[in-house]
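Scroll down for the structure; my scribbles are underneath it.
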Amino acid sequence: MNAILGIESSCDDTSAAVIIDGVLRSNVIASQKVHEAYGGVVPELASRAHQQNILPVVSEAIRQAGITKEQLTAIAYTRGPGLMGSLLVGTSFAKGLALGLGIPLIDVNHLQAHALSHFVKESETDEVPEFPYMCLLVSGGNSQIILVKSAVEMEIIGRTIDDAAGEAFDKCAKVMGLPYPGGPHIDRLAAEGNPKAFRFSKPHIDGLDYSFSGLKTSFLYTLRDNMRTDPDFIEKNKADLAASLQHTIIEILLHKLGKAVDMHHPKHLAIGGGVSANSGVRDAIAAFCAERGIRAWIPKRSFTTDNAAMVAIAGAMRMQPGERGDLSLPPFARTEL
């Protein structure tokens, strides 16, 4: 039996998962509600919550998998990028457990895990993408177009030069007075609004890179200018504002993605990251791929946000026979693929 424990603690979700012989047997996530009062993740509070959550989360993942910790054959953990305090909790726990059990330790890049999340199988018959494939990674901290050549070889061909798509969703939601995280609230409201009610600025960036800072500024100015004449403008137009914002972000994403597809002609196109849970993004990618005859890989929503299942499968795909992780490797807050 090959039983791999995955541990994810890069931001504000503590997660542990167990994959046995390539099939996911458990995926436990403890979210942190404390940040809602602050309108964003507070790093110090996040790391303290991870300290409280990690032991019960790991214990529950092992219990749900129907095994004991002594039956684990390897541990994969998120080494970075992410919040340093949060990463230190997960890294320290993974190292200590691997050392105590005398089993291999595999460090995983969080972004690579998102790109490989489509290989998580909930049954032996589940299909997975074929290498190479293209991945649109869209989250709160990253917007990237990636050529996934193998489990260990990936090339970023487009990235954000400033803000990420998820950040645009959350910050625009915040100025509208919506709760944190704002993305899901924008998604819900957008379903009730007119996506062409408002026009916002779209960037003119060369190549395949993204930019969302101008969109955020344009959105803010729209609210400011209209609220001068109507203080209730936001409340009266919440659904239309959300729909127009979502429509604009999707247009920006697909414009560069279309260029990338024309350049590289992928047969498979995957999306990943927290923003891939957005209904509009999912529908747009499905339509985009259908028009071009490309196989679309759209993850279950439970695998879009930060989760340990993707860490476990990334570790399993990277693990080599006889490999032992380097216990001296520190976590890192920022890096590239």
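The values are calculated or read from the model by the stated rules, or taken from the named source; none is laboratory data. Being a predicted model, the structure only gives us computed values, none of them experimental. When we count neighbours, we look across all protein chains shown, and the Cβ atoms used for this are built from the backbone with ideal geometry, even at glycine. Quick note on the areas: whole protein, heavy atoms, side chains included, nothing else; ligands and nucleic acids left out. Shrake-Rupley method; radii C 1.70, N 1.55, O 1.52, S 1.80 Å.
Selection of segment 114-128 for residues being open to solvent by 10 Å² or more (accessible area, probe 1.4 Å) and either assigned to a loop (DSSP other than H, G, I, E, B) or touching a Cys at 6+ places or on another chain (Cβ under 7 Å) (or both) yields 120, 122, 123, 124, 125, 126, 127, 128. Screening segment 1-23 for residues that are open to solvent by 10 Å² or more (accessible area, probe 1.4 Å), of a type outside the set (A, V, I, L, M, F, W, C) and on the phi < 0 side of the Ramachandran plot and picking the one that is modelled with the lowest pLDDT gives 12.
The single condition among (1) buried (at least 24 other Cβ atoms within 10 Å of the Cβ); (2) among the aliphatic types (A, V, I, L, M); (3) under 30 Å from residue 56 (Cβ atoms); (4) at pLDDT 95 or above that residue 111 does not meet is (4). Within segment 79-97, residues that are under 16 Å from residue 44 (Cβ atoms) sit with their Cβ atoms under 6 Å from residues that are open to solvent by 30 Å² or more (accessible area, probe 1.4 Å) and part of a helix (DSSP H, G or I), at 6+ positions apart or across chains, in these pairs: 83/43; 85/43; 89/51. Among the residues of segment 90-108, the one identified as more than 17 Å from residue 17 (Cβ to Cβ) and open to solvent by less than 40 Å² (accessible area, probe 1.4 Å) is 95. Taking the conditions (1) within 13 Å of residue 325 (Cβ to Cβ); (2) in a loop (DSSP other than H, G, I, E, B) in turn, residue 66 satisfies each one other than (1).
Here the condition is being over 28 Å from residue 144 (Cα atoms), assigned to a helix (DSSP H, G or I) and open to solvent by 10 Å² or more (accessible area, probe 1.4 Å); of 240, 225, it holds for 225 alone.
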